[in-house]
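Undergrad: Mind having a look at this structure? Questions to follow.
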Amino acid sequence: MPTVIAGLTVFMACLAGMPPAMSAGLPAPSVDLLKWPRMSSKDFGCYLEKTFGHRDKRFNCSLKRYENKGDVCNPTDAYYEGPAFPDRLAAKVHPLATKIDLDWEHGDLRSVTVTLKGTWNEAEVRKSFHLPRKEASTSTEAEVRAYPENLMDTSVQYPLSSDDALGRRASDPGRGVTSVDLTGFDHMGAADMECEGDK
């Protein structure tokens, strides 16, 4: 009997030490990420301040008037300006997030990339993040029309692996990373606009 009790004690201690992802699957984000794409840099800066307590030096709630002065050809720095999401706050968006990358163009949030610890099955990621069932390129026209207006596409990637079948396998919370991408609109760079210096 003492052996059984000791065994149960060890088992319960192991369970208590398990990360939430291992004991209950992939948790959902704590905020609605689907609303982020196409948000203006001014609005997103204020959202960062109000929701996460992070005040960007320029893009914050005190910024009253803002017009993006950048041009895809020149000046390009202004064309791509916008607030960054601090790595230290990533876990407030999702408990397994280590990094959130924001890609800005002409004053609007073009895409959001959330990097998660662990290799997660694509179907599980899509369910947890409330994403469409599959990428736009493999969806029917009706499925694409059902996307939120501000969302053009979504994808789940495994940046540390070249195994294309990884997303169809069982999740492995202890190894690798998973990248969740939300795209609001296509990238439009200097090459696309045939700027003089690129001809």
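The values are calculated or read from the model by the stated rules, or taken from the named source; none is laboratory data. Since the structure is predicted, the reported quantities are computational estimates derived from the model, not experimental observations. Positions of Cβ are generated from backbone atoms using ideal geometry, with glycine treated the same way; all protein chains shown enter the neighbour counts. The accessibility values were calculated without ligands, DNA or RNA, using every heavy atom of the protein model including side chains. Shrake-Rupley method; radii C 1.70, N 1.55, O 1.52, S 1.80 Å.
Undergrad: Under 8 Å by Cβ, and 6 or more places apart or on different chains, what pairs join a residue from segment 58-70 that is of a type in the set (F, W, Y) with one that is surrounded by fewer than 16 Cβ atoms within 10 Å (Cβ to Cβ)?
TA: F59/Y66
Undergrad: Which residue, of A90, A78, is modelled with pLDDT of 95 or more, out of contact with any helix residue (DSSP H, G or I) (no Cβ under 6 Å at 6 or more places or on another chain) and not charged (D, E, K, R)?
TA: Values: A78 fails: modelled with pLDDT of 95 or more.
Answer to the check: A90.
Undergrad: Hey, can you tell me all the residues within segment 128-150 that are in contact (Cβ under 8 Å) with a residue 40 or more places away in the chain and more than 13 Å from the chain's Cα centre (by Cα)?
TA: P148, N150
Undergrad: Do we have T154 as in contact with an Asp or Glu (Cβ under 8 Å, 6 or more places away or on another chain), in contact (Cβ under 8 Å) with a residue 40 or more places away in the chain and either of a type in the set (V, I, T) or open to solvent by less than 60 Å² (accessible area, probe 1.4 Å) (or both) here? Give the steps one after another, and end with the answer.
TA: Values: in contact with an Asp or Glu (Cβ under 8 Å, 6 or more places away or on another chain): yes; in contact (Cβ under 8 Å) with a residue 40 or more places away in the chain: no; either of a type in the set (V, I, T) or open to solvent by less than 60 Å² (accessible area, probe 1.4 Å) (or both): yes.
Taking the combined requirement at face value, the residue does not satisfy it.
Undergrad: Scan (1) touching a helix residue (DSSP H, G or I) at 6+ places or on another chain (Cβ under 7 Å); (2) buried (at least 17 other Cβ atoms within 10 Å of the Cβ); (3) not aromatic (F, W, Y) for the single condition H130 breaks and write down its number.
TA: Condition not satisfied by H130: (2).
Residues are listed down the side, and each one gets a yes or a no for (1) open to solvent by 60 Å² or more (accessible area, probe 1.4 Å); (2) among the hydrophobic types (A, V, I, L, M, F, W, C):
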residue: E67; (1), (2): yes, no
residue: V72; (1), (2): no, yes
residue: G82; (1), (2): no, no
residue: D87; (1), (2): yes, no
residue: L96; (1), (2): no, yes
residue: S139; (1), (2): no, no
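Undergrad: Shifting gears a bit: What residue, of A97, A146, is at pLDDT below 95 and of a type in the set (G, A, S)? Break it down stepwise before answering.
TA: On the way: A97 fails: at pLDDT below 95.
None of the other options fit; the residue is A146.
Undergrad: Yes or no: segment 42-57 includes at least one residue that is over 22 Å from the mean Cα position of the chain (by Cα) and of a type outside the set (V, I, T). Don't jump to the end; show me each part of the working.
TA: Taking segment 42-57 first, the residues over 22 Å from the mean Cα position of the chain (by Cα) are 57.
Next, only the ones that are of a type outside the set (V, I, T) stay: 57.
Taking every residue of segment 42-57 in turn, at least one turns out to be over 22 Å from the mean Cα position of the chain (by Cα) and of a type outside the set (V, I, T).
Undergrad: Continuing with the same structure: Could you check, for segment 47-58, whether at least one of its residues is closer than 22 Å to K92 by Cβ, in contact with a Ser or Thr (Cβ under 6 Å, 6 or more places away or on another chain) and either open to solvent by less than 80 Å² (accessible area, probe 1.4 Å) or at pLDDT 95 or above (or both)? If you could, list the steps in order and put the result at the bottom.
TA: Quick first cut of segment 47-58, residues closer than 22 Å to K92 by Cβ only: 47-58.
Applying the additional criterion that residues be in contact with a Ser or Thr (Cβ under 6 Å, 6 or more places away or on another chain) yields none.
Within segment 47-58 (the criterion being closer than 22 Å to K92 by Cβ, in contact with a Ser or Thr (Cβ under 6 Å, 6 or more places away or on another chain) and either open to solvent by less than 80 Å² (accessible area, probe 1.4 Å) or at pLDDT 95 or above (or both)), the answer is no, since none of the residues qualifies.
Undergrad: I've got another one for you. From the set of residues in segment 157-175 that are hydroxyl-bearing (S, T, Y) and over 17 Å from the mean Cα position of the chain (by Cα), which is most open to solvent (accessible area, probe 1.4 Å)? Let's see the steps before the verdict.
TA: Our first condition is that a residue be hydroxyl-bearing (S, T, Y); within segment 157-175, this holds for 158, 161-162, 171.
Add one more test, that the residue is over 17 Å from the mean Cα position of the chain (by Cα), and what stays is 161-162, 171.
Values: S161: 50, S162: 112, S171: 37 Å².
For segment 157-175, the residue satisfying everything is S162.
Undergrad: Further question: Out of segment 138-187, which residues are among the aromatic types (F, W, Y) and more than 19 Å from S128 (Cα to Cα)? Step through it out loud before you land on a result.
TA: Initially, segment 138-187 is screened for residues among the aromatic types (F, W, Y), giving 147, 158, 185.
Matches in segment 138-187: F185 only.
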